[in-house]
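Data block below; observations after.
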Amino acid sequence: QVQLVESGGGLVQAGGSLRLSCAASGFTVSINVMGWYRQAPGKQRELVAVSYVGGSTNYADSVKGRFTISRDNAKNTVYLQMNSLKPDDTAVYYCNHNNSWRAYWGQGTQDTVYS
């Protein structure tokens with residue numbers, strides 16, 4: 001059974017940092033594409049970062065240079081390091097994994113950035 005469990009969100013002042021973790025079970029992170037999405041109040045869920053098998057990554061323009069997605073294959077965990085946070089980064093952040101049949105989402109973790 002596929003499960004994604006996020007942690008690491010919280011309240012942080014603008015300019016600060018947070019590190020989100022996504023612990024995966026039921027599949028192997030190292031051989032799958034993994035993503036982080038976010039959804040702000042009143043807005044659609046948007047892609048933040050993607051980590052591809054082989055090591056390449058892709059980021060939304062709004063977070064390039066500030067956020068970094070990474071994996072720890074031994075822990076079957078994906079991370080999102082978020083630096084230089086802005087109030088506009090306030091959202092619920094979700095870990096994502098897709099297989100041939102469906103998309104899987106974690107429960108989400110709330111990140112609030114105050115100025």
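The values are calculated or read from the model by the stated rules, or taken from the named source; none is laboratory data. From a predicted model like this one, the values you see are computed outputs, not experimental measurements. Neighbour counts run over all protein chains shown; Cβ positions are idealised from the backbone, glycine included. To get the accessible areas, we keep the full protein, side chains included, count just its heavy atoms, and leave off ligands, DNA and RNA. Shrake-Rupley method; radii C 1.70, N 1.55, O 1.52, S 1.80 Å.
Just a few scattered comments:
- Listed by chain and number, the lysines placed with their C-alpha closer than 29 angstrom to that of LYS43 are LYS64, LYS86; residues fewer than eight positions away on the same chain are left out.
- Segment 55-70 residues near the modelled VAL2 label - backbone nitrogen below 13 Å, point 7 Å along Cα→Cβ: none
- Scattering curve values for segment 22-95, log₁₀ I(q)/I(0), Debye with Cα scatterers, q = 0.17, 0.21, 0.22, 0.25 Å⁻¹: -0.63, -0.91, -0.98, -1.18
- Restriction of the trypsin sites (Lys or Arg not before Pro) in segment 34-115 to DSSP coil positions whose beta-carbon has at most 16 other beta-carbons within 10 angstrom yields LYS43, ARG45, LYS64, ARG66, LYS75, ARG102.
- With every protein chain in place, the chain: carbon and sulfur % of accessible area (1.4 Å): 46 percent
- Summed side-chain charge close to THR77 - residues other than THR77 whose Cβ falls under 14 Å, Lys, Arg +1, Asp, Glu -1: +1
- With a Förster radius of 35 Å applied to the beta-carbon distance between LYS43 and THR68, the computed FRET efficiency rounds to 0.95.
- C-alpha center-to-center spacing [segment 50-115, segment 28-44] in angstrom: 6 Å
- Counting DSSP beta bridges with both ends in the chain, the antiparallel % (nearest 5): 90 percent
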